[in-house]
Amino acid sequence: MSLLPHFNPHTYVSEAATILKGVGSVGLSMIYWFIGYLLAQSTLAVYLELASYFPSRSGSEVVYLEQAFPKPDYFFPTTFAVKHVVFSFGSSNAIVFAEYIFGIAGSGYTNWQLKGVAVAAYTFGAFHQLTYHYRISIAGLVVLGGHTKVEDPMINWHDAWKGTSSASAYGATNAMIKLIFSYSGYTNAFSVVNEIKVCY
């Protein structure tokens, strides 16, 4: 059971491997990661522009949709909210996980104890995910520096473009979708724009 769909500790590793498999070579996968970075920066620029138009309203996409499509009243914000309610299972998974923990321990619990364990599990998952890619990056640099038992840490770079011709259109487009997902998450900050105080 995945505790936090958006904070899966194996997301970056599995997506990186899928992207490499989809594009066929290490060199092309590095170019894809750079393109993904540029796309993320472009999206950030759009969100910053929208936030500057509506600086005193929290809600991010809901507010922007409401302003862009005012008719029919509340249609797009409601549709967006329903999508989030239907597809957001992180909170309920944390509660179920907490119930399992108490069940394994064979003890009863109050509502507050259940919520406390759920929040702790969610927090641990989020912290683990936020630091996971940094730990992977540091481990990769240690290997590349030759400080491990790996005999040839640069073997993947001897012919970085080998396999590029084997990439399929499906693999390439699937890799780009996974890249966009890998960079997502920063837009959540725009949900609390009204709580940010700007000092000049």
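Throughout, read-outs are computed from the coordinates displayed, never taken from laboratory work. These numbers come from a predicted model, not from an experiment. Cβ: placed from backbone, ideal geometry, glycine included. Neighbour counts: every protein chain shown.
The Cα atoms of segment 25-161 give a gyration tensor whose axes a ≥ b ≥ c have a/c of 1.5 or more with a/b no greater than b/c, which makes the shape oblate. Counting Lys and Arg as +1 and Asp and Glu as -1, each charge on the Cβ, what is the dipole of segment 41-174 about the Cα centre in debye, to the nearest 20? Here segment 41-174 has a charge dipole of around 180 debye.
At a Förster radius of 45 Å, what calculated FRET efficiency corresponds to the Cβ-Cβ distance of Val150 and Ala105, to the nearest 0.05? FRET efficiency, Val150 to Ala105: 0.60.
Annotation: for a label point projected 7 angstrom from Cα along Cα→Cβ of Glu49, residues of segment 60-80 with backbone N closer than 18 Å are 60-69. Taking the dipole about the Cα centre of segment 94-170, with the C-beta of Lys and Arg at +1 and of Asp and Glu at -1, give me whichever of Gly140, Ile155, Ser166 is farthest to the positive side. It is Gly140, whose Cα lies furthest towards the positive end. Averaging Cα coordinates gives a centre for segment 136-173 and one for segment 29-53; these two points are 25 Å apart.
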